[in-house]
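Any read-out appearing in this document is the output of simple, stated calculations on the displayed coordinates, not a laboratory observation. Keep in mind that what you see is a predicted model, and the values were worked out from it rather than measured. Here the Cβ positions follow ideal geometry from the backbone for every residue, glycine too, while neighbour counts run over all protein chains shown.
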Amino acid sequence: MSFFSHLLGQRSPHSLDSYLRSKKLRLVVNALHAKSGGGVTYLRNMLPLLAEDERLETHIFLHRTQLELFHPLDERIFVHVFEFPLGLARLTIWEQFVLPIMAKIMSADLIFSPANFGSLFLGNQVILLRNALAVARTETRWSKRLYWVALGIITFLSLLRAKRAIAVSRYAAQSLSLGFDHWFEDKVRIVHHGINPTFNPEPVAERGDFILAVSDIYVQKNLHTLFQALGPVFQRHPRLELRIAGQKIDDWYYSRLVAEAESLGIADRIRFLGRLDGRELPDLYRRCRVFVFPSTAETFGNPLVEAMACGAPVVSSSSAAMPEIVGDAALLCNPLDHEDMSRALLNVLEDPELAARLSRKGLERAQSFSWKKTARQTADVLLEAAGSC
């Protein structure tokens, strides 16, 4: 493989001449912020589909430490692996100043940043509005609040600079434009996330004695309110337990949850399962008595769609994007009211007809979400943005 191929991260030899003669849209996916949760899920599903699009020549920028998260990568994708000292400040400097230079060297037509923001020195850019800023209202730590305020500012500036923005929901379009969504009506396109076909109701499984929650451990996931809601539920259903599938991201919040469970006397009824892969999760969705999603700040909520696609009866927070995503296929509750959450859980647990109806409506609702549809609509927006450059 030539030095040029190594520089571009190509997986097979290509001459400089063939590279320069390419008539496809040369797209760089800036994936440097995708390290857990929905960001990784999004790219793992989207990248192979973007690689299939004959209109695109897809490149991806990754840090060396991210390779395991995305392995294996589609061989049609040009992979560029970088190594620099980790840390938010260093990543910001690299993204703001080095990335535009790399894109220029590559003659990139367009940069796609699937985070709220990208380099402010890039005009030929599309951003993905997906990280909820409302987290700042639930945080008690000033350092974290300052982070979310800074994220809001750079999101707004990136929205001003970008050619187009893709919002994962109407809620995301409205909330992440900080109340100025009318300014960006011609720039923002709404494209919902999809669902992997592995999330389906087959094989039919017997419901187990557990409630399921799927989320990484962050304060905005509102698991502490769920814990408070479980007291009456566990009293009336002594064999029931809560299983939480998700990566421990915030050590401070995880310690708070453990202490909360101990103080409520329910620690022995709660199981932290850690991060599970796509083969293990569908079985949990199919076998849970109820899937609960108590989050206070979400722009989409991938686990909601996964649970519906597997036929799980869903109890969901009524805030943020959740009503938009579930429609009438979930029982909604106030995420800040643990008594209302208890009532919702007990209603589903103790009313088989309600549980069956929610399961059926969830399956119907999930059919409207598809990664192929997401990829097609996303590629259309990318090409539209490139045409306006």
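Each of the peptides 190-203, 99-112 was scored by the mean count of other Cβ atoms within 10 Å over its residues; in descending order, highest first, they stand as 99-112, 190-203. Our compactness index for the stretch 288-389, the C-alpha radius of gyration over the empirical 2.2 N^0.38 Å, is 1.26.
When +1 charges are put on Lys and Arg Cβ atoms and -1 charges on Asp and Glu Cβ atoms, the dipole computed for the stretch 210-366 relative to its Cα centre reaches about 420 debye. Among the lysines of the chain, pairs at least eight places apart or on separate chains and with Cα atoms under 21 Å apart come to 16.
Packing around the peptides 154-165, 174-185, taken as the average count of other Cβ atoms within 10 Å per residue, puts them in this order, highest first: 154-165, 174-185. Between Phe84 and Leu273, the modelled labels are 3.8 nm apart [label points 7 Å from Cα along Cα→Cβ]. Quarter the surface of the alpha carbon convex hull of the chain and you get the mean projected area, 19.0 square nanometres. Taking every alpha-carbon pair under 8 Å whose residues sit at least 6 apart, the stretch 210-366 reaches a relative contact order of 25 percent.
Rounded to the nearest 20 debye, the dipole size of the stretch 128-264 about its Cα centre is 480 debye, using +1 on the Cβ of Lys and Arg and -1 on the Cβ of Asp and Glu.
Taking a sphere under 12 Å around the Cβ of Asn200 and counting the other residues whose Cβ falls inside, with K and R at +1 and D and E at -1, yields a net charge of -2. Look at the dipole of the chain built from charges on Cβ: of Ser169, Asn302, Gln377, the Cα furthest out on the positive end belongs to Gln377. With distances taken between every two different alpha-carbon atoms, the stretch 210-366 has a Kirkwood hydrodynamic radius of 15.2 Å.
Evaluated with a Cβ-only charge set (Lys, Arg +1; Asp, Glu -1), the stretch 308-370 carries a dipole of roughly 260 debye about its Cα centre, given to the nearest 20.
Treating r as the C-beta distance of Glu54 and Leu120 and R0 as 45 Å, the FRET efficiency rounds to 0.90.
The Asn334 and Glu206 beta-carbon pair, evaluated with R₀ = 22 Å, returns a calculated FRET efficiency of approximately 0.10.
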